[in-house]
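The values are calculated or read from the model by the stated rules, or taken from the named source; none is laboratory data. Please read all numbers here as calculations on a predicted model, not as lab measurements. Cβ coordinates were reconstructed from backbone atoms using ideal geometry, including for glycine residues, and neighbour counts include every protein chain displayed. Note: areas computed on protein heavy atoms with side chains; ligands, DNA, RNA excluded. Shrake-Rupley method; radii C 1.70, N 1.55, O 1.52, S 1.80 Å.
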Amino acid sequence: MTLAAPVPRRGPRRDGRFTAWAFLLPAVAYVVVFFGYPLAANVVTSTQDYTVKSFYTGEAPFVGLANYAAVLANPLFSTAVLNTVLFTAGSLVFQFGIGLALAVFFAGRFPGGALLRSLLLLPWLLPLVVSGAVWRWMFDQDHGVLNAASRLIGVGAVPWLSSTAWALPAVILTNIWIGIPFNLVILHGGLRAIPASLHEAAALDGAGAWQRFRHVTWPLLRPVTGIVLMLGLVYTIKVFDVIMVVTGGGPANATQTLTTWSYRLSFHDFAFGQGAAVGNVLILAATAFGLLYLRSAKATLAEAAA
């Protein structure tokens, strides 16, 4: 009679690792398929001489960093970078400022406040193409409502879309209008999370409205403002459809940003390698800002825990 060998039992630690990897696998697969592969393909394309002919022959010679050198040497590169910076900074400053002011205003309770706040969300709910088309009509020099109003008060018509000086402010104004509801919603939620007892205690100590905002509201709202500004930055730096609908990057490249220039290189000039190179420059810039935010958030959490 022979005795059966004891079956080795898996430990609870090994089972825990297997379960953890099983939960992690869908997220890893999503990142690899929908983010990693397109990013890798874009990097590979930026190092190839990819033309329309490549679609038929499948041949795209490796050119190294030649596409990046061509993009950096292009006179339009500095214009696109400057327009991207001005568009992003101008949009963020006014979106956040107006959104914060409206969030503070709606933090108080008054009749019709919820209805009015809901109506302010309409620009955020509309498709960007629709918003861009409406603002393009409003900016029209001959039939637009803005110039009609300026004529009523005796001011001459402004060539919003045909002047190189006014075109960029026009698309910035459009993007500000679209982005205000996002800032309003997030900041209003942050304000509602601040205990009212803190404001009441500060008021009992004699603090005025500005002092309560500066010493109570703003410090407690700072983590939310960091999230709002970072999400707004990532969203604004890649805005494409609004600019294309309102100005198409013109006139004379006055509203050409890195996103619209990448599109123009790829699908207008059919220089797919250079278009991919511009796209990678934009990705690097957005990643750098994201890392700065994560570092700032980590420092804030460490300071709060200390």
### Task
Filter the stretch 226-258 down to residues that are farther than 23 Å from residue 133 by Cα and in contact (Cβ under 8 Å) with a residue 60 or more places away in the chain and give me whichever is most open to solvent (accessible area, probe 1.4 Å).
229
### Message
Which residue is most open to solvent (accessible area, probe 1.4 Å), if the candidates are limited to the stretch 129-149 and must be touching a Phe, Trp or Tyr at 6+ places or on another chain (Cβ under 9 Å) and outside any helix (DSSP H, G or I)?
### Response
143
### Message
The conditions are (1) under 24 Å from the mean Cα position of the chain (by Cα); (2) touching a residue at least 24 places away in the same chain (Cβ under 8 Å); (3) closer than 21 Å to residue 253 by Cα, and residue 166 fails exactly one of them. Which is it?
### Response
(2)
### Query
Among 43, 32, which is more than 13 Å from residue 275 (Cα to Cα) and either basic (Lys, Arg) or open to solvent by 50 Å² or more (accessible area, probe 1.4 Å) (or both)?
32
### Task
Kindly indicate which of 186, 194 is hydrophobic (A, V, I, L, M, F, W, C), within 12 Å of residue 221 (Cβ to Cβ) and in a loop (DSSP other than H, G, I, E, B).
194
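Matching residues to (1) touching a Cys at 6+ places or on another chain (Cβ under 7 Å); (2) outside any loop (DSSP other than H, G, I, E, B); (3) touching a residue at least 24 places away in the same chain (Cβ under 8 Å):
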residue	(1), (2), (3)
50	no, no, yes
56	no, yes, no
69	no, yes, no
87	no, yes, yes
91	no, yes, yes
96	no, yes, yes
100	no, yes, yes
104	no, yes, yes
### Message
Looking only at the stretch 270-300, count every residue that is of a type outside the set (S, T, N, Q) and over 19 Å from residue 49 (Cβ atoms) and tell me the total.
### Response
16
### Message
Looking for something under 16 Å from residue 191 (Cα atoms), of a type outside the set (Val, Ile, Thr) and under 14 Å from the mean Cα position of the chain (by Cα) - is there at least one such residue anywhere in the stretch 219-227?
### Response
yes
### Query
Restricting to helices (runs of 4 or more DSSP H) lying wholly in the stretch 204-306: which have 3 or more residues that are of a type outside the set (A, V, I, L, M, F, W, C)?
218-237, 258-267, 272-305
### Message
Looking at the structure I just gave you, is residue 114 free of Cβ contacts under 8 Å to residues at least 24 places away in the same chain, among the hydrophobic types (A, V, I, L, M, F, W, C) and either assigned to a helix (DSSP H, G or I) or farther than 20 Å from residue 278 by Cα (or both)?
### Response
yes
### Task
Being under 20 Å from residue 242 (Cα atoms), in contact with a Leu (Cβ under 9 Å, 6 or more places away or on another chain), surrounded by 13 or more Cβ atoms within 10 Å (Cβ to Cβ) and aliphatic (A, V, I, L, M) narrows it down to one of 103, 89, 80, 107, so name that one.
80
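To keep it simple, each residue is scored yes or no on (1) more than 30 Å from residue 302 (Cα to Cα); (2) open to solvent by less than 20 Å² (accessible area, probe 1.4 Å); (3) in contact (Cβ under 8 Å) with a residue 24 or more places away in the chain.
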residue: 183; (1), (2), (3): no, yes, yes
residue: 199; (1), (2), (3): no, no, no
residue: 209; (1), (2), (3): yes, no, no
residue: 224; (1), (2), (3): no, no, yes
residue: 269; (1), (2), (3): yes, no, no
residue: 276; (1), (2), (3): yes, yes, yes
### Task
Look through the stretch 118-128, keep the residues that are surrounded by 11 or more Cβ atoms within 10 Å (Cβ to Cβ) and touching a Pro at 6+ places or on another chain (Cβ under 9 Å), and return whichever of them is farthest from residue 240 (Cα to Cα).
120
